[in-house]
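Nothing in this text is a laboratory measurement; each read-out follows from the coordinates by a stated rule. The structure presented is a predicted model; accordingly, all values stated were derived computationally and were not measured. Here the Cβ is made from the backbone with ideal geometry for all residues, glycine too, and neighbour counts use every protein chain on show.
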Amino acid sequence: MAPMSPAAMTPSEPPRPAPMHMEPVRSEPVRMEPVAPAPVPVEAEAYASAPAAHEERAPREARAPREERAPRPERAAREERGERRSGSESSPELSGDDLLATSRKITEELLRAMGFEPKVQVRADGDRVDVTVEVERDGDLLNGRQGETRQALQHLLNRFLNRGDGSRYHLQLEVNDFWQRREVELADLAKQMAEDAVTRNVEVVTGYLNSQERRMIHVTLKEDARVRTFSLGDGMLKRVAVAPASFPERTEDTSAS
């Protein structure tokens, strides 16, 4: 075989593709088709159709009045009992002997339940009952530092005596002569305050007192034309002010209470 020439050994190049003719693409405007709205739920339709807050709504048709129902027997009985109770001050009427016996009994039972062995004496004058109690020990516990415990016990005994409601009867409790001594102290205090108020031409104020103690100050100075008294503050405990009569009345405070 004859040898091949170098030109024949050169690999042949692949044929080149013919150039493509690119025609320009014409762009057409895009047309937006309207989309149908989604169906509105029933609740939304009702809310959308409701009138605005400031719009006037058509008045509703007047409803026929309801028929009056007859009161139930037990309710009628309760109402009747309530009327009778309010008419009689909510407390049963007691004879003089029953009033004394009941006052003694409830006082002894209450104090014995508290661990005391009291000696109880009672005296009645109309609807008022004076109960005097003597105990051998811890009498200060029944009175309190300023008589607040004794007053609380007196309130409970009055509730017991009047069966919880009303104020037909008033029970005045005295423990180891505490209130008798306290009355003397308060009367002397009221007179001294009146003298200071007139002499110095100023308003003099007590410490905090309960209603019974405040009343003692007011009653002691009631007939003293030189001064006037006022209760200051709110709540169960208040202060009492004693001022010269020439001072203007303090309308923001309660007078003589």
With θ set to phi - 60° and the Karplus curve 6.51 cos²θ - 1.76 cosθ + 1.60, what are the ³J(HN,Hα) couplings of the stretch 125-138 in order, to the nearest whole Hz, using x for Gly and Pro?
9, x, 8, 9, 10, 9, 10, 10, 10, 10, 10, 7, 9, 6
Skipping prolines and chain starts, which residues have an amide H placed within reach, meaning under 5 Å, of the one on residue 239, given they are 5 or more residues away or on another chain?
209, 232
Less than 19 Å from a label point 7 Å out along the Cα-to-Cβ axis of residue 152: which backbone N atoms in the stretch 175-213 qualify, by residue?
175-176, 178-179, 208-213
Please identify every one of the trypsin sites (Lys or Arg not before Pro) in the stretch 99-167 that sits in a loop by DSSP and has no more than 14 other beta carbons within 10 Å of its own beta carbon.
137, 145, 163
Loop-only GluC sites (Glu not before Pro) in the stretch 107-175, please: DSSP not H, G, I, E or B, and at most 13 other Cβ atoms within 10 Å.
136
Starting from the exponent 0.38 and prefactor 2.2 Å, build the expected Rg for the stretch 100-257 from its residue count and divide its actual Cα Rg by it.
1.18
Convert each backbone phi in the stretch 181-196 into a coupling constant with the Karplus relation 6.51 cos²θ - 1.76 cosθ + 1.60 (shift: θ = phi - 60°), then list the ³J(HN,Hα) values in order as whole Hz, x for Gly and Pro.
5, 5, 4, 5, 4, 5, 5, 5, 5, 4, 5, 5, 5, 4, 5, 5
May I ask you to list the lysines whose Cα is less than 25 Å away from that of residue 222, ignoring any residue fewer than eight positions away on the same chain?
191, 238
